[in-house]
Structures are given as structure tokens and as C-alpha cells.
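These notes are about the structure you will find just below.
Please treat every number below as a calculation from the coordinates, not as lab data. Quick caveat: nothing in here was measured; it's all calculated off a predicted structure. FYI the Cβ positions are ideal-geometry reconstructions off the backbone, even for glycines, and counts take in every protein chain you see.
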Amino acid sequence: MLSPTSNKLFLLLLINASARALDVTILAQAPEGAGDIASDHVSLSIEQDGWVSFVGSTSRNDFFYNSLYNLVGLTGVPPRIRIGGQAGDGANPSSATQFSQAYYDNATVSSNLPYPGAYGMAVGSDFYPTVRFLPKNTKVVAAVNYGANDDLRASVYANLITKAFESQGVVDQGITLEAIELGHEPDRYGKDNYYRSWDPKWSDNSSKYIPEWRNWVKNIIEVIRSGWLPPALDLPFWAGSISSLATKQSSTWSAKYLIDNGLVYDAVSSNVKTFSQHHYSGTACKGGAKELGDLVSKANIRSGLNAFKDDIATVKAKGLEYVLGEANSFSCHVTSGVSNVASSAIWALDYLLYASQLGISRVYFHQGVGYKFNFLQPTSLSRSPLDSSSLAPPSSAYIAPSYYAAVIAAEAIGSSGHTRVVEVATEDSSVSGYAFYDGDKLTKALFINTQLYLKSDSSRPQARINISIEGSTGQATIKRLYIPSSDATSGLTWGGKSFETSDALPQGISRIEVLNPTGFTLRASEVALISFD
């Protein structure tokens, strides 16, 4: 019979034996393949009908502000904000409206889609000045209706936006208009929405879109530049904003085709600095079960993003930035048990960092009131975002699991302003690794174990990471993302601290380990950030 001490030793040996060993080499000096990653690489896209609920109307929404300022404290700059989405293509100015009035088809509310998008919006003069409630120096992208409009009315709407960004309260905060986004997923017009419904073949290919968009942008630039609608400004624009499924409609809807066929031509090229592609890992607009394992799969993340390699190369060769201007797990902001659980943080972190490896400048994670895939719910809800059931009392604003991905990425990137990152080979189908450099000097390494560990599982797999540093580094420490289980909806902590608080500010006791020179274990559904002195 084994003694208690022998039992403990035997158990320890079993645990170590069950951990697969991974030998990982990291260079102390940045390799050639290390690319720049922006301090605001993680940015947010806000569905326009919910904008005021996020930011506040007559005073700022402190919960949302705090969630952004947590990131400012780590990177030194705020996330960029896009105000748009489907509602942007149904928005028009209204002198009878102070902030906004959104219109919904209540017939589309269902247990699968508790919070559908607006089909129209009346936007008042106080709507855009609310950007003053964002953290100082935030850069904002604002949508202009292209789906159900004409270029003269689009110019009037653009003027509504520019006047807000020239107002004293906005200027005092250093909030700037990064760009106008003319159109939301034009490749879908007349297919699964009513835009351009008078011409159902309009989006069969991009042959009508290219000359029309070019002409609209040229005309809007000239109108605003002329001062006919003061103030006189030189408006910047995003190009593209095409959907995840654009090329399934027609190969002519790819970024490569659009750029090669003159979408950004000489007359507007000085005003267009960015091409926006939308991307979701799948669609759940018509319901149907989605598998958590498919979302977090390391292979699926890479294959989904690798599809844009040719587009990225073409866009960058044109001298433009390439961004994912709207991205998240599954389109139509679903699915329960996948988009809203702890492993969504695992997915988002690996997704946004791998995107940087392909030359994607920023990822704008899409958010909306009541959306399942949100980083956070910004305000109280009277209906459940999971199944549309009544909530009595209403739920309070809360931080969702995927928010932790933004925090971890911000901490890994840091505030130097010249961080570089490179993927580290792990030779493992579940473990991803990234090394971060301040210029050429190694500062951090991040490891993500995408393997699932569900509440129903009897044991939690783990990997043993044996690190070899080529070059000298000082002492290293480890900070971990603790996840109760892949399918948990709460209870996460980052380095011992929880952001799931009433004010979105972290609480808890900091937990940081000293790295053992021989390596460390990384459990399924866990993240470890190593910091080097």
C-alpha cells in the first residue's frame, strides 16, 4: 500500500505524463518576419442604431467608457471606433429628431434573433456630437447611407457628420473623423436586404458598383471641399466594406478585383487610405447549431483568414491599409453556447493576432445592443439576448468573455508605439504562440491553448511548453487567463483580476508567476503571457 506521500508523487507523475511536451524556440532579437502591430490593432465597430446606448446621450456611459479606458491604460491609445453597420445604410438626417430614432421589423424578432438590426434610422443633430464621450484622441469612422440614397443627400448627411467633428466639445477631446464609410456590404444589395431593390441584379457583380461608388465619392469630396455645406473640409474615405461572402456572389467582389479595376482611381486616391473587408467565421442568420470547436480551431482560424492573402497584397501594393472593418464569430450576432462563452476569448485572441501576421492593420470587432457575440453589453436589457425571453428585473450592463481578448492583446502590444509581433512555431494543432518585440528586443511571448475543456469533461488536458530563448534575456514572469471551462459564461480572470464588475473596472488580487527555466504547463482553454525583463 502506498503512503500518502507516495500517492501525491504518483499523482504528480500521472499529471506530468498526460501533458504533451512542446519544444518552442524564441529569438531574443526580432526576426525578419516580425511585423508592426498597431497599438489600436483591436478596435470596435458599433451598429449604428445602438450607438447612443453605448456611448451615452447627454452624459457619457461610464460602463462603456471604462471598458475602453482599460485598454488605453495598457496601450496609451484608445481603440478606433466605427459607427455603422446595416443601420448605416438606412440612416437619414431628421430635423425632428434630437439623437436618433431607429425602425425595426418586429416580425423578425425571434428566439434565434432577439435583437434584429434596424431597417431605417432618423438621425438628429445631437447624434454625432456624442463622440465627445469617448476617451480623448479616439479616431472614428462614420457610415454614410449608400444603399438607399443619392449622392446629393449623401453629401448633406456627410455634412451632418463633419459639423459634429468640428464642434468645440469634440475638438476639445481630440476626437477626430478618420474616415467616411460609404456603403455597408454593397455586394448584398437586393439579395438579403431591400437596398437597390429596384434593380435586383445590381449586385450580381461589381460592374455597376465601381463607377457609381467612384462618382459618388468624387462628388461628395467636391461638395464638402467647396464649403457649399460648411465647414469646408477634405473628407477621407474607406473603400470596400464588402461582406464575408462577397466572392461567393461573384469573383468581381474581391478586394483584388475592385482595386485592379480602378475602384480607387486618381481623382479620389488622395482621400482614400484604407480598404475595409468584413469577415465572420461563419453565418448563423438562418439558425442552426454551430460548434464551439469549429470556432476556436487553430486550423479554421488560419484557413479563414488566409483566404484574403491575395487581396491584402493587392491593397497594400496600392499604398492602402487593409482592415477588417467588421468582424466577429458568426454573422447575425449569434450563436448561444458558442459566441457568448469563455472560449470566444480564446478564438478572438488567436484570430486578431494571426490577422496581424497577414498584414491586416486593425480588426474592428462588431458590437450591438443585445448581440450575443459582444465584448460587453453596454446597458440594461429587458429581453434576454439568448432567447428573447423577458428579463424581470432587467439585466445590468456586463462584460462578456471575449472582452478579455482585447485586454490581453492590449497588454501584449504595450504602449511603446513600435511593437512588432511574429508567430512562434509550436508544431501543435491546438497551441498558438506569438513573440512581441519592442523594436528588435524581445519583451513578451503569448501562448494560447485552443483545445476545449467543457463542464462535462472529467479531466482537463494540458501541454508542457519547453521554451528555448536564442539570445540573452532576464528573469521572466507568467500571467494567465483563467477560464473555468470552455463553455462557461462568466468567472474568467486575467492575472487574478476580474473585469466582470458593475463598472467594468478590474477587481481582485494580482497573480503573477515566475517562469521556471525548464518551461511551464498550459491547460486546455488557457492563455499565458510571458514578460521578459
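Using 0.36 nm per residue and subtracting the Cα-Cα separation, the extra length available between L505 and D150 on full extension is 123.4 nm. In whole angstrom, how far apart do the alpha carbon centroids of the stretch 430-467 and the stretch 36-73 sit? Distance between centres, Cα-based: 28 Å.
The value of relative contact order for the chain, using C-alpha pairs under 8 Å at least six residues apart, is 18 percent. On a 0 to 90 degree scale, rounded to 10, what angle separates helix 403-413 from the longest Cα axis of the chain? The two axes meet at around 80 degrees. Rounded to the nearest 10 degrees, the inclination of helix 4-18 to the longest alpha-carbon principal axis of the chain is 40 degrees. The simple Förster model, with R0 at 51 Å and r as the Cβ-Cβ distance, assigns L358 and T97 a FRET efficiency of 0.80. Beyond a 25 Å Cα-Cα separation, which of these cross-linked pairs lie in this structure: K309/K444; K444/K497; K136/K372; K248/K309; K163/K316; K201/K256? Long pairs (Cα-Cα over 25 Å): K309/K444; K136/K372; K163/K316. Compared with the alpha-carbon gap, the fully stretched path from S226 to S57 is longer by 57.7 nm at 0.36 nm per residue.
Rg/Rh for the chain (Cα atoms only, Rh after Kirkwood) is 0.98.
Using a simple spin-label model with pseudo-atoms 7 Å out from Cα toward Cβ, L391 and D260 lie 4.8 nm apart. So which aspartates and glutamates can K139 reach, going by Cα to Cα under 17 Å and dropping same-chain residues fewer than 8 places off? Excluding near neighbours in sequence, the set is D40, E47, E166, D172, E178, E181, D234, E321, E326. Modelled spin labels at R464 and N219, positioned 7 Å past Cα toward Cβ, are 6.9 nm from each other. Within a straight-line Cα-Cα reach of under 19 Å, K455 can be paired with the following lysines, leaving aside sequence neighbours fewer than 8 residues apart in one chain: K290.
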